[in-house]
Amino acid sequence: MVDDSVVPRAAARAMLNSTTELRLVGEAVSGAEALKSIDALKPDLVLMDVHMPDMDGPSTTRALIARHPETKVIAWTVSESSNDLLRMMQAGCIGYVLKDAGPTELRRALLAALRSENPLPRKMLPDVLRRVAESTPLSTGTHVILTSREMQVLQAVAKGHTTKRMAKDLLLAAPSSETHLHNIFKKLNVSNRGEAVSTALKLGLITLADL
């Protein structure tokens, strides 16, 4: 956990100490301290504050992932700025959690990230994805064909559904959902759910009404 503020760290520590599914292995109050600790501890997941003095969240995340590409990072902040979310995701974060979300939501986001899902605040998605779609337009003529089942899976991803929820709603086995998701990633030339949704928006495969 990386945060220069005492109160948020105490709140997250209390949540982590109350569950057997997650274990807090270290804390840091700055980006530089975080990198040293992560080199030694090699955690599976890092909860990263966005705004810190000297070395901020995006800078720390980029340096961390360059050294430990297998480590997942979740941004953790009070900021509802789509610019902050984009900066953190572009740096390599797998998800973004608001500090006012509460312990249950924080726990859910951490577990989702460990499953390689992309937890993001639903209320921030439309603005963020719109900005991504507008800022990086694809060349005209780009054409991707998805099967009807892949379109259903893509729309479920756009709504932020987990693999378990997706499988239940679409009457699929979980491995089948993962296979369809992998095929979508391959066709769209992306590596995660957030990129899949933003690329699908740019291609016109889905609209903001699907979010």
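The values are calculated or read from the model by the stated rules, or taken from the named source; none is laboratory data. What you are looking at is a predicted structure, and each value in this text was computed from that prediction instead of being measured. Virtual Cβ from ideal backbone geometry, glycine too; neighbours counted across all protein chains shown. These area figures cover heavy atoms from the full protein model, side chains too; ligands, DNA and RNA do not enter into them. Shrake-Rupley method; radii C 1.70, N 1.55, O 1.52, S 1.80 Å.
Which of the lysines could be linked to Lys36 by a straight reach, that is with a Cα gap under 27 Å, when you skip same-chain ones fewer than 8 residues away?
Lys72, Lys99
For the chain, what relative contact order do you get, as a whole percent, if you take Cα pairs closer than 8 Å and at least 6 residues apart?
So the answer I get is 15 percent.
Between Ala11 and Lys42, what is the label-point separation in nm under the 7 Å Cα-to-beta-carbon projection?
3.3 nm
If I stretch the segment between Asn189 and Gln90 completely, what's the gain in nm (0.36 nm per residue apart, minus their alpha carbon distance), one decimal?
Between Asn189 and Gln90, full extension yields 34.0 nm more.
What do you get for the angle between helix 174-188 and the principal long axis of the chain? Use alpha-carbon atoms, 0 to 90 degrees, nearest ten.
Between helix and principal axis, roughly 80 degrees.
Over the stretch 27-125, calculate the relative contact order: mean separation of alpha carbon pairs under 8 Å at least 6 apart, over the residue count, as a percent.
That works out to 24 percent.
Can you work out the FRET efficiency for the pair Leu170 and Thr104, with r the C-beta to C-beta distance and R0 = 30 Å, to the nearest 0.05?
The value I calculate is 0.70.
Using the heavy atoms of the protein chains and a 1.4 angstrom probe, tell me the accessible area per residue for the chain in square angstrom.
Accessible area per residue: 51 Å².
Considering only protein heavy atoms and a 1.4 Å probe, what is the carbon-and-sulfur percentage of the accessible area of the chain?
53 percent
Which angle from 0 to 90°, rounded to the nearest 10, does the C-alpha axis of helix 6-17 make with the longest principal axis of the chain?
Between the helix axis and the principal axis of the chain, the angle is about 70 degrees.
Can you check what the Kirkwood hydrodynamic radius comes to for the chain, Cα pairs only, in Å to one decimal?
17.9 Å
Round to the nearest 10 and give me the degree value, 0 to 90, for the angle of helix 82-91's Cα axis relative to the longest principal axis of the chain.
Taking the Cα atoms of the chain, the angle to 82-91 is about 90 degrees.
Taking +1 at the Cβ of each Lys and Arg and -1 at the Cβ of each Asp and Glu, which of Ile94, Phe185, Val25 sits farthest along the dipole of the chain towards its positive end, judged by Cα position relative to the Cα centre?
Phe185
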